[in-house]
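The values are calculated or read from the model by the stated rules, or taken from the named source; none is laboratory data. From a predicted model like this one, the values you see are computed outputs, not experimental measurements. Backbone-built Cβ (ideal geometry, glycine too); neighbour counts: all protein chains shown.
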Amino acid sequence: MTRLMGLPPVVGPGVRLLVLGSFPGQASLQAQQYYGHPRNQFWPILSSLWGEPLLTLPYAQRLAVVCERGLGIWDVYASCERTGSLDSAIRQPVPNDLGPVLSACPQLRAIAHNGGESFRHARHVQAGGLPVYRLPSTSPAHASWSFERKREAWRAVFEVSGLI
């Protein structure tokens, strides 16, 4: 199996909420874009919460809006071995070092995990003393929740974190 490398963090000094996924899927790695699968609901949820047509923007502009709004994006794993895109197929993961990213975000108020695999690392993140939330996965593999139900769970965390 080939070792896959993740994407760099999307953060800035104004980040108030850091969303951690597990590891990018194949479509995201190929595009070198967070949440690059066309059926992933991450960008549609943000668009709905912020009233911004994010999917119509080039990726670099989406990231600029995310940072302007106080949101950071990263993953708990820096690298892993995996066939396909499912979290259950992740083997030999190497975690990202959150320390430098957390230091670069002096306004950070909370960390939210996008899905269960990411949330498995919550105890390590909680050592930083920030509130930690588990959000429903935006992955197309997590179809047991409707878009509306996911959006409302995300809305609650965004409101508490001052993003809406």
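Results, tabulated for the structure shown:
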read-out: Only one of ARG134, ARG91, ARG149 that is basic (Lys, Arg) and surrounded by 15 or more Cβ atoms within 10 Å (Cβ to Cβ); value: ARG134
read-out: Among (1) of a type outside the set (Asp, Glu); (2) closer than 21 Å to ILE164 by Cα; (3) surrounded by 19 or more Cβ atoms within 10 Å (Cβ to Cβ) - the single one ALA64 does not satisfy; value: (3)
read-out: Residue within the stretch 4-16 that is out of contact with any Gly (no Cβ under 9 Å at 6 or more places or on another chain), at pLDDT below 95 and within 22 Å of PHE158 (Cβ to Cβ) present; value: yes
read-out: Residues satisfying the stated conditions in the stretch 26-38, i.e. on the phi < 0 side of the Ramachandran plot and either among the hydroxyl-bearing types (Ser, Thr, Tyr) or touching a helix residue (DSSP H, G or I) at 6+ places or on another chain (Cβ under 9 Å) (or both); value: SER28, ALA31, GLN33, TYR34, GLY36, HIS37, PRO38
read-out: Residue ID - surrounded by the most Cβ atoms within 10 Å (Cβ to Cβ), chosen from residues in the stretch 9-52 that are in a loop (DSSP other than H, G, I, E, B) and without any contact (Cβ under 8 Å) to a residue 60 or more places away in the chain; value: TYR34
read-out: Subset tally (residues that are in contact with a Lys or Arg (Cβ under 7 Å, 6 or more places away or on another chain) and within 26 Å of GLU81 (Cβ to Cβ)) for the stretch 92-121; value: 2
read-out: Filter result for the condition that a residue is of a type outside the set (D, E, K, R), under 18 Å from LEU49 (Cβ atoms) and without any contact (Cβ under 8 Å) to a residue 60 or more places away in the chain, over PRO136, PRO100, PRO131; value: PRO136
read-out: In the stretch 152-164, residue surrounded by the fewest Cβ atoms within 10 Å (Cβ to Cβ) [restricted to those that are among the β-branched types (Val, Ile, Thr) and either touching a strand residue (DSSP E or B) at 6+ places or on another chain (Cβ under 8 Å) or within 21 Å of SER85 (Cα to Cα) (or both)]; value: VAL160
read-out: Pairs, first over 18 Å from ALA122 (Cβ atoms) and in contact (Cβ under 8 Å) with a residue 40 or more places away in the chain in the stretch 71-85, second surrounded by 16 or more Cβ atoms within 10 Å (Cβ to Cβ) and among the hydroxyl-bearing types (Ser, Thr, Tyr), C-beta under 6 Å, six or more apart; value: none
read-out: Contacts under 8 angstrom Cβ, first residue in the stretch 58-70 being modelled with pLDDT of 95 or more, partner of a type in the set (S, T, N, Q), 6 or more apart; value: TYR59/GLN33; GLY70/GLN107; GLY70/SER161
